[in-house]
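This report refers to the structure that appears directly beneath it.
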Amino acid sequence: MNDIKKADINVRYAAAGDDALLAELGARTFYDTFAADNTPENMATYLAASFSPETQAAELADPLSIFLIAEVGDAAVGFARLKEGQPALINMGSHPIQLIRMYACKEWIGHGVGATLMRACLNEAEKMSCDTVWISVWEHNTRAQIFYRKWGFVEAGTQIFQLGDDPQNDLLMKRSVRKKQILHFNNMTALETFMVEAIEEAKVSLQEGNRGFGAVIAKNSKVIAKAHDRERTLRDSTAHAEMAVIRSASSKLGRDLNGCLMISTHEPCPMCATAVLWSGITEIGYGYSIKEALKQGRKRIDLSCKELFKRAGKEVRVHEALLQDQCSVLYNREVRDGIDQLLDADKQKLEALAEDLSKKRLRWYSEHGHRLAIDGEDILQAAYRVFLQKLGITEDQAPIVQRDEKHLTLHCNNYCPTLEACNLLGLDTRFVCKYLTEKPTTDLIRQIHPKLRFTRNYYHIRPHSDYCEEMIVLED
C-alpha cells in the first residue's frame with residue numbers, strides 16, 4: 001500500500017446496490033475506531049442495529065441523506081454520510097446539514113482519505129446551499145476533534161450518544177459553509193466569470209497535491225466542461241488542465257470544438273496550445289503568462305501560444321491577463337512553498353514546522369539584532385520594530401490601534417503567503433496560525449525581553465475579518 005499515493009483517491013456517490021458494501025465498511029471502520037475503548041457487548045449491540053444491510057438500504061433510500069464512498073481503484077477505503085437537519089436541542093442555522101459519519105479504513109488513515117472526503121462533503125453542502133455543517137464526536141476521540149478543528153469546526157454544545165447500555169457524551173461541533181470566491185468579485189465580465197470557475201478548479205488541483213492549473217470550456221455563454229491538472233495524481237506528464245478539459249468537452253460535443261471558448265489560469269503550454277488548434281477551439285483566455293513564469297525562475301518552454309498560433313497560420317482570438325492578480329497567487333513561489341508545507345498538515349506537523357521557523361527567526365536575530373538596538377527604547381516599541389523588520393512590513397500595514405504599559409495591539413493587513421496558501425487549500429487560518437506562527441514570533445521578540453509574548457485575537461483573523469488583530473504583551 002505504501003506505493004499508492006493519496007492523490008489516487010476518488011469519491012463517488014453511493015448507489016442503491018451499495019448497502020452490503022456500506023454495512024461491511026461501516027461495521028469494520030466503527031469497530032476499528034472504538035472497540036478498544038468500549039465493552040464487546042455494547043459494540044455488538046450497536047453494530048447489529050446500525051450496520052446491517054437492511055439498515056444501510058433504508059438509509060440509502062432516505063431522500064435527505066447523501067452517501068459518499070472513497071475508492072482507490074476498485075477498493076473502498078472510506079465513506080461519509082450527510083443528512084439535512086438540526087440536532088435535538090441546539091439551533092445550528094437556517095439550513096444545516098449533519099456529517100453523520102465519516103470513516104477511513106485503518107490502513108488508510110494518514111493517507112488523505114479523510115481530507116478527500118471532507119472536501120467532497122463541504123462541496124455537497126455548498127451545492128445544497130446549506131449554511132452550516134455540524135457533527136457529533138465522542139468527547140474521548142481526541143484525534144477526530146483535532147482533525148475537525150483543522151477544518152474550521154468549533155464546539156457548539158453537547159449531546160448524548162447511546163452505545164448499547166452506555167450513555168456517552170458527544171461534543172457538537174459546527175462550521176459555516178463558505179461561498180465560492182465568485183461572490184467576492186464585482187463587475188465581472190463573462191470571461192472573468194469563467195476564469196473564477198477555472199480558479200476553483202486550480203484550487204482542487206492543489207488540494208489533491210497536483211500543480212494548481214484549472215481550465216474551463218464554454219459555448220454560447222454556457223460552461224460545457226471544467227477540469228484541472230492531474231499530472232501527479234495520474235503520474236502522467238500530459239495530464240494538463242487544458243488537455244483534460246478539451247477531452248471532457250469533446251466527449252459531450254464531439255471532436256470539433258469550433259465556436260468554443262477555453263479559459264485557463266495559466267497560458268497554455270505548446271502541447272496544450274497545439275491541442276487547441278487540433279480541437280478547433282477559436283478563442284482562448286488566460287490569467288498568468290509563460291513570460292511571468294519564466295521571470296520567477298520556473299521551468300517553461302519559452303514559446304507563447306500567440307506565437308504558436310501565428311506559426312500554424314490559424315486564427316485564434318487570445319485574451320490575456322484575465323483576473324491576473326488572482327491567477328498570479330496560484331503560482332507565487334512563497335505561496336507555493338506554504339502549500340507544500342501545509343498540505344495535509346495536522347497539529348503535530350504544524351508544531352514541527354513551528355520549531356523550524358523558530359530556529360530560523362532566532363538565527364536571523366543573532367545576525368541582525370545588534371543593528372536594531374536603540375538605547376533606552378521602550379520594550380514594547382522595540383518588539384514592534386523587530387516584528388516589522390523580520391516580516392518585512394511597514395507600520396501602515398500593521399498599525400498600532402491600542403496600547404498601554406503592558407499591551408500593544410495591531411491590526412495587520414499586510415500581504416501574507418500563509419493566508420493565501422490556507423485560502424487555496426481550504427484550511428482554517430485560526431488553526432494553522434495558532435500552531436504555526438504564534439510560538440516562533442514569541443521566541444523572536446523574547447530576544448528583547450524574556451517576558452514578552454505574541455498572541456492573536458482569533459475572532460479577528462483573515463479571511464474571517466478584514467484584518468488580523470495581533471498583540472504584543474509584556475507579562476508580569
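The values are calculated or read from the model by the stated rules, or taken from the named source; none is laboratory data. Bear in mind that the values here come from a model prediction, so they are computed numbers and not experimental data. All Cβ positions, glycine included, derive from the backbone under ideal geometry; neighbour counts span all protein chains shown. Surface accessibility is based on the protein's heavy atoms, side chains included, excluding ligands, DNA and RNA. Shrake-Rupley method; radii C 1.70, N 1.55, O 1.52, S 1.80 Å.
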- Using the Kirkwood radius over Cα pairs of the range 93-232, the Stokes-Einstein translational diffusion coefficient at 20 °C and 1.002 mPa s, in µm²/s and rounded to a whole number, is 123
- Rg(Cα)/(2.2 N^0.38 Å) for the range 283-432, N = residue count: 1.46
- Note on the structure: Taking N as the residue count of the range 226-269, its alpha carbon Rg divided by 2.2 N^0.38 Å gives 1.18
- Would you work out what percent of the accessible area of the range 329-423, with all protein chains in place, is carbon or sulfur (probe 1.4 Å)? 46
- Which three semi-axes in whole Å describe the equivalent ellipsoid of the range 192-257, each the square root of 5 times a Cα gyration tensor eigenvalue, listed largest first? 20, 15, 6
- Task: Report Rg (one decimal) and Dmax (nearest whole number) for the chain, counting Cα atoms only, units Å.
- Result: 25.4, 78
- Message: How far apart, in nanometres, would the label points at LYS127 and GLN159 be if each is projected 7 angstrom from Cα along the Cα-to-Cβ direction?
- Response: 2.5
- Please work out the average accessible area per residue across the chain, using the 1.4 Å probe convention, and give it in Å². 49
- Item | Protection proxy ranking of 415-421, 456-462 - average other beta-carbon atoms within 10 Å, highest first | 415-421, 456-462
- Item | Protein accessible area in the range 1-91, 1.4 Å probe - carbon and sulfur % | 56
- Message: As a quick test, which of the pairs LYS203/LYS226; LYS127/LYS174; LYS203/LYS360 have an alpha carbon distance above 24 angstrom in this structure?
- Response: LYS203/LYS360
- Which value results when the Cα radius of gyration for the range 236-357 is divided by 2.2 N^0.38 Å? 1.29
- Message: Taking 37 °C and 0.692 mPa s as the conditions, I'd like the Stokes-Einstein D for the range 375-476 in µm²/s, using the Kirkwood hydrodynamic radius from alpha carbon pairs.
- Response: 235
- Query: Which percentage, to the nearest 5, of the DSSP beta bridges contained in the chain is antiparallel?
  - Reply: 85
- Output ordering of 112-121, 61-70, 130-139 (per-residue mean of other Cβ within 10 Å, highest first) is 112-121, 130-139, 61-70
- Task: For the range 1-76, give the magnitude of the charge dipole about the Cα centre (Cβ charges: +1 Lys/Arg, -1 Asp/Glu; no others), in debye to the nearest 20.
- Result: 200
- Item | Share of Cα-Cα pairs in the range 71-157 lying beyond 21 Å, as whole percent | 31
- Task: Compare the peptides 282-288, 372-378 by average per-residue count of other Cβ atoms within 10 angstrom and give them in order, highest first.
- Result: 282-288, 372-378
- Rh_Kirkwood(the range 11-86) over Cα pairs, Å, one decimal, evaluates to 13.1
- What helices does the chain hold that run 20 Å or longer along their axis, going by alpha-carbon atoms, with a Kyte-Doolittle average of -0.5 or more, using DSSP H for the helix calls? 19-34, 113-127, 190-207
- Query: Counting only protein heavy atoms, what percent of the accessible surface of the range 94-183 is carbon or sulfur at a 1.4 Å probe?
  - Reply: 50
